[in-house]
Structures are given as C-alpha cells and as structure tokens.
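Novice: Got a structure for you, questions after.
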Amino acid sequence: MGNIQAAGPVTLTPPPPQPVSPTASTAGEKKTGGEAASDSNPGTMEEIHKKCKDVYPVIFEGGKFMLNKGLSNHFQVSHTINFSTTQAPGYRFGATYVGNQQVSPTEAYPVLLGDTDPSGNLNANIIHQLTPNLRAKFVAQIQSRKWQASQLTLDWRGSDYTTSLTLGNIDIINGSGVAVAHYLQQVTKNLDLGTELAYQYGPGVPGGQIALHSVAGRYSADNYTASCTLGDTGVHLCYFRKATEHLQFGVELETSLRMQESVASIAYQLEIPKANTVFRGTMDSNWTVGAVMEKKLMPLPFTLALSAAINHPKNQFKLGCGFIVG
C-alpha cells in the first residue's frame with residue numbers, strides 16, 4: 001500500500017504501526033529463502049522504491065534514549081524515552097521474538113514485535129512464513145483504549161513474481177474497510193513491472209466506495225536503480241545511485257494530482273568505516289534541509305545520533321539528539 005500513499009496524500013489506507021527497532025522491522029521484509037524465493041523474485045510492490053527510500057535520513061526532534069537488551073537468541077526487549085516539544089514525551093517498552101523456523105541464513109520465523117506505553121497504547125506486528133511460498137503479516141494498533149487500526153497482508157512469492165492481498169480496518173458491522181491487491185512480475189533480469197488496485201468502502205467515503213489503480217516499474221543495474229509509480233492519485237519517481245562503496249545518492253519526485261503540487265528531493269548517505277560513522281542528508285524543493293549523523297562509540301555498544309532540519313521560508317528548525325545502548 002505504500003505505492004498508493006507515495007503518489008499523493010490519500011485517505012485510502014490506515015497508518016500501520018511502527019516497528020520496535022530497525023533490526024527487528026527488517027526481519028520479515030527481506031526476500032524469503034528456501035524453495036519459494038530465488039534471485040529472480042522481484043519482491044513486493046511495497047519495496048519497489050526501497051533502495052532510494054533507505055538513503056533518506058529519519059529526522060527526529062528532541063532527546064531520545066533507547067536501551068536494547070537481548071535476553072536470548074530469540075528474545076529482545078527495548079526501553080525508549082523521548083523528550084520532545086512537538087510530541088508527547090514519555091516512555092515506551094518494546095519486545096521482539098524471533099522463532100526457530102529458519103528459512104535462510106538471515107531469516108527466521110515467526111517474528112513477533114510490538115511496543116506499548118504506560119497509557120496502554122499498543123503497536124503489534126506478527127510476521128510468519130506459513131508455507132515456502134506464502135507469508136502473512138498482521139499489524140494492530142490500539143490507541144486510547146480503542147482498536148485504532150488493523151491490517152492483514154498475504155504475500156505469495158513465485159519464482160519470478162509476487163502477488164499480495166492486503167485487508168485493512170475491515171468492519172463488518174459498519175460496512176467499511178480497505179482492500180489492496182498487488183502483482184509484481186520480473187519481465188527481464190533488470191526490469192520488473194507491477195500493478196496495484198486499491199478499493200475502499202464505507203459510509204465516510206464519498207459515494208460509498210472508491211477504487212484507485214496504479215502501475216509501477218523498476219529497472220535495476222549493477223550500481224543504480226530507477227523506479228516509477230503512475231496512478232490515479234499522481235506520479236512517484238525514484239532514482240538510486242551507488243557512487244562508491246561508501247557513498248550513495250537518492251533522488252525522488254512526488255506529484256499529487258489531487259493536491260496539484262509536486263515535491264522533488266535529493267538525499268545522500270556517506271559511510272566512514274574507520275570512524276564508525278554514517279551521515280545522511282536531504283534537501284527538497286520546499287527549501288527543507290535535514291541531516292542525521294550516527295556514530296558508534298566503539299568498543300562500547302553505544303551509538304550517538306544527531307539530527308537537524310531547517311525550513312528557510314517557514315523559519316522552522318528541528319534539533320534532535322539520541323543515544324542508543326545495545
């Protein structure tokens with residue numbers, strides 16, 4: 001469903017909960033191993049712009065302290081404290097469990113991850129490889145003691161294609177919900193083509209129902225990737241380039257037909273292995289400039305993160321400092 005949202009701000013899909021940690025969130029997003037997946041499998045439609053998106057920094061504001069503790073080979077907990085002037089400060093507890101169903105050297109299932117705060121707000125994710133070809137993902141979000149969002153995704157991965165079905169916020173009593181179908185096919189060694197159909201129904205939708213269709217393509221070479229999504233809501237273009245072993249660039253253009261606006265941006269990622277440091281920076285056509293620096297304080301298991309962003313016309317400035325243990 002990320003392709004629909006990328007083309008423009010629409011109210012078609014519910015916001016999914018955020019994963020506990022970067023390492024935990026990627027456990028179920030990589031290509032499946034075993035007989036089901038091979039080098040020719042194109043992945044899912046949600047990942048079609050992933051290489052470019054991964055270059056962009058995640059800007060945060062205020063202070064953040066995170067403690068990750070591995071209790072066993074399968075279980076990890078995290079403690080996070082946020083201090084921010086724009087969001088409610090507080091504490092969150094997270095937990096991640098990875099099962100012993102090993103499908104590849106880097107993947108094991110099932111994966112259960114979630115986090116909660118003292119008010120009882122909960123984000124939960126369950127990812128499991130049901131069969132060598134079929135993977136299921138369930139996402140739930142509870143806010144203010146109410147069931148805020150739920151989402152079930154089934155991915156069927158063939159030798160050179162992936163088809164997916166996502167059901168979000170299905171409410172049989174009130175007659176509302178969202179259904180999204182994806183199909184991504186590897187046409188040649190370098191070219192992948194796909195399509196997406198999203199359907200939403202309910203009393204709050206104009207006319208009672210709405211359907212959106214989009215097509216997508218991705219061309220991959222040794223050191224660059226170009227991807228495009230074209231749909232009813234707009235156009236989303238991405239270009240990723242690996243300049244050197246430690247330097248990567250990403251360029252993105254998003255055009256929303258409904259909002260009648262376009263935003264172009266460029267980002268970079270620079271790794272300095274000898275200094276255990278990673279820099280990420282971005283600048284867009286709205287004159288917003290942002291950057292994040294992550295520094296591993298070796299030999300201790302500590303990571304220092306500094307974040308800053310400024311919008312010159314709006315005279316807005318954000319500054320963040322994070323400290324991660326584990």
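The values are calculated or read from the model by the stated rules, or taken from the named source; none is laboratory data. The structure displayed is predicted, hence computed values, not measured ones. Virtual Cβ from ideal backbone geometry, glycine too; neighbours counted across all protein chains shown. Note: accessible area is taken over every heavy atom of the protein model, side chains too, but ligands, DNA and RNA are not part of it. Shrake-Rupley method; radii C 1.70, N 1.55, O 1.52, S 1.80 Å.
Novice: In whole Hz and in residue order, list the ³J(HN,Hα) couplings for the range 119-126 that follow from phi through the Karplus curve 6.51 cos²θ - 1.76 cosθ + 1.60, θ = phi - 60°; x for Gly and Pro.
Specialist: Computed from phi, the couplings for the range 119-126 are 7, x, 5, 10, 10, 9, 9, 10 Hz.
Novice: Within the chain, what's the longest stretch lacking trypsin sites (Lys or Arg not before Pro) that sit in DSSP loops with no more than 11 other Cβ atoms inside 10 Å? Present the calculation step by step, with values, prior to reporting the outcome.
Specialist: On the way: sites that count: R145, K189, K314.
After excluding every exposed loop site, the longest remaining stretch is 1-144.
Novice: Identify all aspartates and glutamates with a Cα-Cα distance to K69 below 17 Å; exclude those on the same chain that are fewer than 8 residues away in sequence.
Specialist: D115
Novice: With 26 Å as the limit, write out which pairs from K64/K137; K64/K296; K146/K318; K146/K314; K189/K295 have Cα-Cα distances beyond it, or answer none.
Specialist: Over 26 Å apart, Cα to Cα: K64/K137; K146/K318; K146/K314; K189/K295.
Novice: Calculate, for the chain, the solvent-accessible area per residue in square angstrom, rolling a 1.4 angstrom probe over the heavy atoms of the protein chains.
Specialist: Heavy-atom SASA per residue in the chain reads 54 Å².
Novice: In whole percent, and with a 1.4 Å probe on the protein chains, what portion of the accessible area of the chain is carbon and sulfur?
Specialist: Of the solvent-accessible surface of the chain, carbon and sulfur hold 62 percent.
Novice: Among the aspartates and glutamates, which fall within straight-line cross-link reach of K53, defined as a Cα-Cα distance under 19 Å, with same-chain neighbours fewer than 8 residues apart omitted?
Specialist: Partners found: E29, D192, D222, E245, E252, E254, E271, D284, E294.
Novice: Okay, moving on. For H213 and L253 in the same chain, what is the full-extension length gain: residue separation times 0.36 nm, less their Cα-Cα distance, in nm?
Specialist: Gain in length upon complete extension: 12.5 nm.
Novice: Let me ask another. Restricting attention to the chain, give the cysteines that have no other cysteine Cβ less than 4.7 angstrom from their Cβ.
Specialist: Isolated Cys, the chain: C228, C321.
Novice: From the Cα gyration tensor of the range 96-245, with a ≥ b ≥ c the square roots of its eigenvalues, which class applies: rounded if a/c is under 1.5, or else prolate if a/b is larger than b/c, or else oblate?
Specialist: oblate
Novice: Using a 7 Å offset from the Cα along the Cα-to-Cβ direction at both N174 and Q316, what is the distance between the two label points in nm, to one decimal?
Specialist: 2.9 nm
Novice: Which whole-angstrom value gives the distance between the alpha carbon centres of the range 70-88 and the range 110-183?
Specialist: Between the Cα centres of the range 70-88 and the range 110-183 lies a distance of 22 Å.
Novice: Label points 7 Å out from Cα along the Cβ direction at Q143 and H128: separation in nm?
Specialist: A separation of 2.8 nm, rounded to one decimal place.
Novice: State the antiparallel share, in %, of DSSP beta bridges confined to the chain, rounding to the nearest 5.
Specialist: Numbers: 153 of 159 bridges.
Counting DSSP beta bridges with both partners in the chain, the antiparallel share is about 95 percent.
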